[in-house]
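K.L.:
One structure is given below, represented as structure tokens, and several questions about it will come after.
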């Protein structure tokens with residue numbers, strides 16, 4: 001009633017005094033975007049501010065949640081220009097704050113979500129991300145959040161135009177993403193990354209929650225190894241995919257209720273790319289099971305699988321193209337180089353080392369990171385013997401760093417499908433180079449990619465389930481949707497609107513983040529969004545390596 005009277009008086013004033021200006025100032029919008037999980041004491045620390053008005057020079061405080069004491073007082077820095085719907089944007093550095101505690105950022109009466117500064121802030125995140133693999137387990141593998149499923153994999157084998165209607169045992173392994181398809185390429189990569197993480201730092205990745213004296217990460221990797229063993233279809237072929245794209249047309253269901261559970265064909269194929277990543281995983285497993293776990297029989301089985309498959313690479317096509325057209329590599333040299341150098345480390349046979357060098361030089365810098373762009377892993381391994389190979393990793397990081405300087409949030413790449421995996425892949429490559437050379441040139445680059453994933457982004461959302469105060473919840477993931485949560489869920493991350501137009505996604509809910517969307521940077525926390533909001537085993541494998549290395 002009072003509002004109606006005020007409105008009437010304002011309208012009357014405009015009619016009675018037409019030359020008079022009534023100044024109604026809208027409330028200024030200020031949004032603070034920081035890493036919600038938190039920072040290590042020695043980190044470069046910064047946050048981004050989006051504002052509808054000019055707040056340059058305004059007071060900034062960082063306050064302790066526990067004591068309300070101000071531990072940092074500064075001013076909003078120079079306006080960096082418009083961002084999307086906001087005319088003003090700013091970046092404020094607070095790296096000087098290093099004391100352990102929980103804090104919030106305050107500008108005027110606006111407060112950020114709280115965050116922690118501590119040496120142990122990332123201690124449990126890799127373990128949390130590993131839980132996702134348990135949800136993805138298929139067959140008789142003691143899966144989490146669902147029952148035993150897909151016990152007839154595979155019901156037939158497709159080899160090009162030929163169909164073999166006889167069943168073939170490829171039960172087990174992991175579902176690739178939010179669907180129930182299994183792929184050799186992504187399973188071999190993810191298995192390798194779990195093994196590589198442990199080999200890189202057995203202390204940080206030695207966590208053993210079930211107290212059975214076998215690191216959890218190796219127990220999970222064994223799920224992948226056992227399935228890869230089954231995928232050896234014959235001397236010259238691998239099973240490259242289980243189930244076709246009909247999987248996507250059967251509604252939202254738990255895997256044990258899959259109407260196609262007993263109609264799941266597999267595809268057989270071969271390529272130097274698959275030989276490379278398969279041999280790399282098996283050769284590395286042979287070393288770990290022999291040297292760390294003291295299981296020589298399994299170690300020998302893995303090494304035999306690696307050597308026998310690698311031996312046919314000269315007669316194989318460069319790149320496998322079997323299956324439904326998903327996860328097809330463009331190149332093979334980096335993966336085959338990785339297989340060769342892992343075989344050298346497992347056998348000490350010099351021919352593998354020479355082949356690894358030649359292939360790795362041919363592969364060069366790939367300026368990316370994904371399940372298909374992992375040249376840096378081969379370059380890292382070879383650089384342990386010949387440091388010049390570190391230059392390829394450095395070339396990648398130089399290009400990522402240039403891109404970081406060109407955008408407000410410091411992203412190191414243009415957006416595409418699986419953006420968050422690429423961003424953490426940048427951090428991964430920075431970790432590799434630092435291990436080789438101890439240089440800190442790319443520390444800021446690495447931190448910015450990590451921080452983007454954890455909340456220093458336009459939407460102020462952490463893309464990892466239960467990491468931070470505001471995080472992705474509505475993943476494009478059937479089990480997660482039906483059960484109402486997804487431990488270790490890690491969203492694929494933003495894409496451009498132009499990219500998304502090609503897929504015509506029918507969203508379930510109104511966009512809660514519409515104010516922060518731009519044509520170039522777009523994300524929806526919506527279960528129907530299989531581009532920006534679907535978790536994958538490959539994304540989690542990368543994230544486990546990065547956050548495990550940040551643990552104390």
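The numbers here are math on the coordinates, done by the rules we state, and not lab data. A quick note: this is a predicted structure, and the numbers were derived from the prediction, not measured. Using ideal geometry, Cβ is built from the backbone for each residue, glycine included, and neighbour counts are taken over all protein chains shown.
K.L.:
Going by C-beta contacts inside 10 Å, put 231, 149 in order with the fewest on the left.
P.N.:
149, 231
K.L.:
Just to confirm the number: angle between the C-alpha axis of helix 419-437 and the first principal axis of the chain, 0 to 90 degrees, nearest 10?
P.N.:
Once rounded, one gets 70 degrees.
K.L.:
Working out 0.36 nm times the residue gap between residue 513 and residue 254, then minus their Cα-Cα distance, what length gain in nm do you get to one decimal? Intermediate results must be reported in sequence, preceding the final value.
P.N.:
Values: separation 259, 0.36 × 259 = 93.24 nm, distance 2.94 nm.
Gain on stretching residue 513 to residue 254: 90.3 nm.
K.L.:
Mind checking the full-extension length gain between residue 330 and residue 247? Use 0.36 nm per residue of separation minus the Cα-Cα distance, one decimal, nm.
P.N.:
My answer for the length gained is 27.4 nm.
K.L.:
Hey, with R₀ at 45 Å, roughly what FRET efficiency would residue 504 and residue 54 work out to, going by the Cβ-Cβ distance, to 0.05?
P.N.:
Step by step, r from the Cβ atoms, then E = 0.70.
K.L.:
What distance in nm separates the two pseudo spin-label positions at residue 142 and residue 386, each 7 Å out from Cα along the beta-carbon direction?
P.N.:
4.4
K.L.:
Using 0.36 nm per residue, how much length does the chain from residue 434 to residue 358 gain when fully extended, once their Cα-Cα distance is taken away? Intermediate values should be presented prior to the final figure.
P.N.:
Details: separation 76, 0.36 × 76 = 27.36 nm, distance 2.40 nm.
That works out to 25.0 nm of additional length.
K.L.:
I'd like the orientation of helix 443-453 relative to the chain: the angle between its Cα long axis and the longest Cα principal axis, in ° from 0 to 90, rounded to 10.
P.N.:
Once rounded, the angle reads 80 degrees.
K.L.:
On to the next question. Using a ≥ b ≥ c from the Cα gyration tensor of region 484-532 (square roots of the eigenvalues), is it rounded, prolate or oblate, where a/c under 1.5 gives rounded and otherwise the larger of a/b and b/c decides, a/b for prolate?
P.N.:
prolate
K.L.:
What ranking do 119, 45, 235 get, fewest neighbouring Cβ atoms within 10 angstrom at the top? Each step should come with its number before you reach the end.
P.N.:
On the way: 119 12, 45 24, 235 9.
Fewest-to-most ranking of 119, 45, 235: 235, 119, 45.
K.L.:
At 4 °C and 1.567 mPa s, grab the translational diffusion coefficient of region 329-431 from Stokes-Einstein with a Kirkwood Rh over Cα pairs, rounded to a whole number in µm² per second.
P.N.:
Translational D for this selection: 92 µm²/s.
K.L.:
Which shape class, rounded, prolate or oblate, goes with region 30-117 when its Cα gyration tensor gives a ≥ b ≥ c as root eigenvalues, a/c under 1.5 marks rounded, and past that a/b bigger than b/c marks prolate?
P.N.:
It comes out prolate by the Cα gyration axes.
K.L.:
Can you sort 263, 244 so the residue with the fewest Cβ neighbours within 10 Å comes first?
P.N.:
Least crowded to most crowded, the residues run 263, 244.
K.L.:
What is the calculated FRET efficiency for residue 66 to residue 95, with r their C-beta to C-beta distance and R₀ = 25 Å, to the nearest 0.05?
P.N.:
The pair residue 66/residue 95 has a calculated efficiency of 0.70.
K.L.:
Given R₀ = 51 Å, FRET efficiency for residue 300-residue 398 by Cβ-Cβ distance, to 0.05?
P.N.:
E(calc), rounded to 0.05, equals 0.75.
K.L.:
Let me ask something else. Per Stokes-Einstein, at 37 °C and 0.692 mPa s, what whole-number D in µm² s⁻¹ belongs to region 125-405, with the Kirkwood radius over Cα pairs as the hydrodynamic radius?
P.N.:
On the way: Rh = 19.3 Å.
Diffusion coefficient, whole number: 170 µm²/s.
K.L.:
Still on this structure, please answer the following. Hey, what's the Cα Rg ratio for region 265-342 versus the globular rule of thumb, 2.2 N^0.38 Å?
P.N.:
Normalised by 2.2 N^0.38 Å, the Cα Rg of region 265-342 equals 1.17.
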